Amino acid sequence: TDRGMFLENGTDALCFQVVWDDRQRLYGDIQYFRLFYYLADDTIEILRTHNKNDGRHSFTKLLKRSKLPKNGKLSTVSDPSDNYLWQDLKIGGTVNVFNRVMIIARCDAFTRQHYLSKGIVLKEDMPLMVPEKKVELKRVIPPYNGFGSEEDSLRSCMGSLNPPPPKKDLQKMRDKNGLILCFNAQLVSDKPYDADRRFVIQFFMEDDTIAIREPPVQNSGIMGGSFLRRQSMKHADGTAYAAKDMYVGNIVDIVGHKFLLLNADECTYRIMECDDRTFPFSNYTRLHEPLASKIEDIKKYFIANYDGNGELDLEGLAKCCDSIGLEFNKQELITVWRQTDRKGKGRIAFKKLLNLASEEGFSTQR
């Protein structure tokens, strides 16, 4: 040790607070140390800063008092400039402690005053807490494998060893108990042997499940029976089928097969007409306004297409609406037809439709 330096500085030491961010290594962490630079002999000592319950052994020193080489390698003979000097230690800079790169974050008042006496102004202290890089974990739901219901399978992906059963809408089950929409459907296919196949599609409104059955036909080569057991089905976009998707004329895509809903039974029509919010195509109040606006066109159509009996059937009603520019789908046509043919005869007089389209006829029907 240089006696002159010892007599000038004695035991004076510069104190820095340094941070070692080792998170890039497996099981690495952020650790805090105090670095002491002794001015008498240009040696460095690094002590660990312990925190309560940090889970680490309470060793006192990371580096005992010694010269610290800049290249991180020990050498018996070295140039003094190869070691760290106090001029190399600045706030915001780094120090290589044998391949442990530490950031100098803070210093004490004596250290700051020492640098000022040498004409060097240190930066302001940096925050010790290094912002942690948050790892974003995205939950990936595996595809449904077909075992059990999809709701039960999803419950097993919630992180519980004993998942509770999926919640059910008990109020809806009470209100819609026993309400089943029953449709006659045709398989939409370009294969000729599928053209005559007919199916019965049931939609259970209490839990929005669908069941499909194919009535057996003799000598058809197809056994028939259950085509799809009762279960919840989804659209191609992932949304579940609801009651509003079930109406005559709609095409439903179920398990890769497309079904055209041809007609429904009387109970289904009544359920749909009593719940016009869920089934807007069965709401005659909504359909009356465009029908009343075309009453003069309806009269002209009847005059031009009068065939002597003054009657028309459902097919004739569809042609009439198409001719006068009323774009009704099949379910809406059936709704209008059921308002006129209440006795189910299959044919009505022209005057009945005109009376229904008029304001007087609408108030009477209501």
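The values are calculated or read from the model by the stated rules, or taken from the named source; none is laboratory data. Everything numeric here is computed off the predicted structure, so don't read it as measured data. FYI the Cβ positions are ideal-geometry reconstructions off the backbone, even for glycines, and counts take in every protein chain you see. All accessible areas refer to the heavy atoms of the entire protein, side chains included, with ligands and DNA or RNA removed. Shrake-Rupley method; radii C 1.70, N 1.55, O 1.52, S 1.80 Å.
One residue stands out among those in region 139-193 that are open to solvent by 60 Å² or more (accessible area, probe 1.4 Å) and of a type in the set (S, T, N, Q): the one that is nearest to F279 (Cα to Cα), which is N177. Scanning region 162-176 turns up no residue that is touching a strand residue (DSSP E or B) at 6+ places or on another chain (Cβ under 7 Å) and not acidic (D, E). In region 61-75, the qualifying residues are those that are modelled with pLDDT under 80 and open to solvent by less than 100 Å² (accessible area, probe 1.4 Å), and the one that is nearest to V97 (Cα to Cα) is G72. Report whether or not S58 is modelled with pLDDT under 80 and outside any loop (DSSP other than H, G, I, E, B). No; evaluated as a whole, the condition is false for this residue. Of all residues being surrounded by fewer than 17 Cβ atoms within 10 Å (Cβ to Cβ) and of a type in the set (V, I, T) in region 99-121, which is nearest to L47 (Cα to Cα)? Just the residue, please. Among those residues, the one meeting the criterion is V101. Only a single item in (1) part of a helix (DSSP H, G or I); (2) surrounded by 18 or more Cβ atoms within 10 Å (Cβ to Cβ) is not met by K299, and it is number (2).
With the requirement that a residue be part of a helix (DSSP H, G or I) and without any contact (Cβ under 8 Å) to a residue 60 or more places away in the chain, what does region 321-341 give you? Spell out the reasoning first.
At the first step, the residues of region 321-341 found to be part of a helix (DSSP H, G or I) are 321-324, 330-340.
Once the filter is applied, which keeps residues that are part of a helix (DSSP H, G or I) and without any contact (Cβ under 8 Å) to a residue 60 or more places away in the chain, region 321-341 yields C321, D322, S323, I324, E332, L333, V336, W337, Q339, T340.
One residue is enough: does region 249-257 have a residue meeting the conditions in a loop (DSSP other than H, G, I, E, B), of a type in the set (V, I, T) and open to solvent by 70 Å² or more (accessible area, probe 1.4 Å)? Yes, that holds for at least one residue.
Specify the residue that is least open to solvent (accessible area, probe 1.4 Å); the eligible residues are those in region 196-247 that are among the basic types (K, R) and within 23 Å of the chain's Cα centre (by Cα). Walk me through it before giving the result.
As a first pass, look at region 196-247 and keep what is among the basic types (K, R): 197-198, 213, 229-230, 234, 244.
Next, only the ones that are within 23 Å of the chain's Cα centre (by Cα) stay: 234, 244.
Values: K234: 87, K244: 124 Å².
The extreme case among them is K234.
Among the conditions (1) of a type in the set (S, T, N, Q); (2) surrounded by 13 or more Cβ atoms within 10 Å (Cβ to Cβ); (3) more than 23 Å from S117 (Cα to Cα); (4) more than 49 Å from the chain's Cα centre (by Cα), N96 misses just one, which is (4).
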